[in-house]
Amino acid sequence: MADTLLGFLTEPRYWAVVGAAALAGLVRGFSGFGGAMMFMPIAGLMYEPKLAAVWLLIADDAAALPMLRDAVRRCVWREVLPLALAAVAAIPLGVALLVVADADVMRWVICLVILLAVALMALGWRYTARLGLPATLGTGLLAGLSGGAAALPGPPVVLLWLGGQSAAATVRANLVVFFGFTAIATAIAYWWKGLFTAESLLSSLPLIPAYLLPLRFGMRLFARADEAQFRRVALALCAFAALSGLPLWKML
């Protein structure tokens with residue numbers, strides 16, 4: 001087993017994944033979301049998306065637990081629960097897609113969904129009316145599908161909450177709690193589909209501290225940021241991740 005981990009550590013592309021984990025942790029700590037947006041396009045370009053998805057789940061779950069303590073007190077439960085329940089219901093279908101889908105097709109879908117979400121938010125799209133239950137549940141189902149298939153439950157939900165009128169602190173808390181629900185459901189689905197192997201578990205170990213330390217720093221940065229900074233930084237970093245992860249670069 002030590003040879004398995006050593007094999008990863010001697011690969012330059014694995015150290016690119018470690019760097020992606022550090023950047024993902026920073027973004028996650030600052031904004032409450034975006035870790036998958038930063039990590040999956042880069043790690044999924046270096047390795048199979050399903051291996052990258054397991055790495056992200058383990059590193060993020062281990063590192064993000066301290067964020068939950070404050071988030072459960074600040075979140076708006078009437079907004080979080082319907083989305084979370086719908087997403088949890090759709091995650092198994094997304095995981096089934098992850099197992100059988102073409103890797104490059106998955107990368108295109110991941111990156112283009114992120115870019116669409118970023119473009120809409122950067123253009124200043126906001127809604128003022130309260131969303132009805134069908135729209136809320138539909139967003140949750142889409143988040144669960146993309147979360148199971150690509151470890152990216154965030155874009156539909158981020159677009160929903162950043163597009164509303166809630167303050168940055170409330171949006172961040174909602175996202176942290178929502179991801180807590182989806183992480184549990186995703187872990188169960190991954191286990192059911194046999195994605196947790198000795199190779200994936202061992203190779204995830206160096207990624208946990210690489211994700212954790214920047215996450216703590218990102219949490220401190222958020223405490224000093226204002227509303228505009230929160231939105232600008234999150235959108236800029238997510239756009240960078242999506243552009244850098246496009247399979248297009250493999251053709252050049």
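The values are calculated or read from the model by the stated rules, or taken from the named source; none is laboratory data. Remember, predicted model here, so these are calculated numbers, not experimental data. Positions of Cβ are generated from backbone atoms using ideal geometry, with glycine treated the same way; all protein chains shown enter the neighbour counts. Quick note on the areas: whole protein, heavy atoms, side chains included, nothing else; ligands and nucleic acids left out. Shrake-Rupley method; radii C 1.70, N 1.55, O 1.52, S 1.80 Å.
Taking the options Leu205, Leu237, Leu246, name whichever one is under 23 Å from Val54 (Cα atoms) and modelled with pLDDT of 80 or more. Step through it out loud before you land on a result.
On the way: Leu237 fails: modelled with pLDDT of 80 or more; Leu246 fails: modelled with pLDDT of 80 or more.
Exactly one residue qualifies, and that residue is Leu205.
Quick one: in region 6-43, which of the residues that are free of Cβ contacts under 8 Å to residues at least 60 places away in the same chain and in a loop (DSSP other than H, G, I, E, B) is least open to solvent (accessible area, probe 1.4 Å)?
So, considering only residues that are free of Cβ contacts under 8 Å to residues at least 60 places away in the same chain and in a loop (DSSP other than H, G, I, E, B), the one least open to solvent (accessible area, probe 1.4 Å) is Glu11.
Taking only region 145-173 into account, find how many residues are at pLDDT 75 or above, part of a helix (DSSP H, G or I) and farther than 20 Å from Val99 by Cα.
Matching residues across region 145-173 total 11.
When Thr186 is evaluated against the numbered criteria (1) polar (S, T, N, Q); (2) over 18 Å from the mean Cα position of the chain (by Cα); (3) modelled with pLDDT under 85, which criterion, by number, is the only one it fails?
(2)
If Trp55 satisfies every condition in (1) open to solvent by 10 Å² or more (accessible area, probe 1.4 Å); (2) closer than 20 Å to Pro209 by Cα; (3) of a type outside the set (Val, Ile, Thr) but one, which is the exception?
Exception for Trp55: condition (1).
Which numbered condition in (1) under 16 Å from Ala24 (Cβ atoms); (2) in contact with a Ser or Thr (Cβ under 9 Å, 6 or more places away or on another chain) is the only one that Met67 fails?
(2)
Only residues that are touching a Leu at 6+ places or on another chain (Cβ under 9 Å) and either surrounded by 24 or more Cβ atoms within 10 Å (Cβ to Cβ) or not small (Gly, Ala, Ser) (or both): list them for region 154-173, please.
Residues satisfying the conditions are Gly154, Pro155, Pro156, Val157, Val158, Leu159, Leu160, Trp161, Leu162, Val171.
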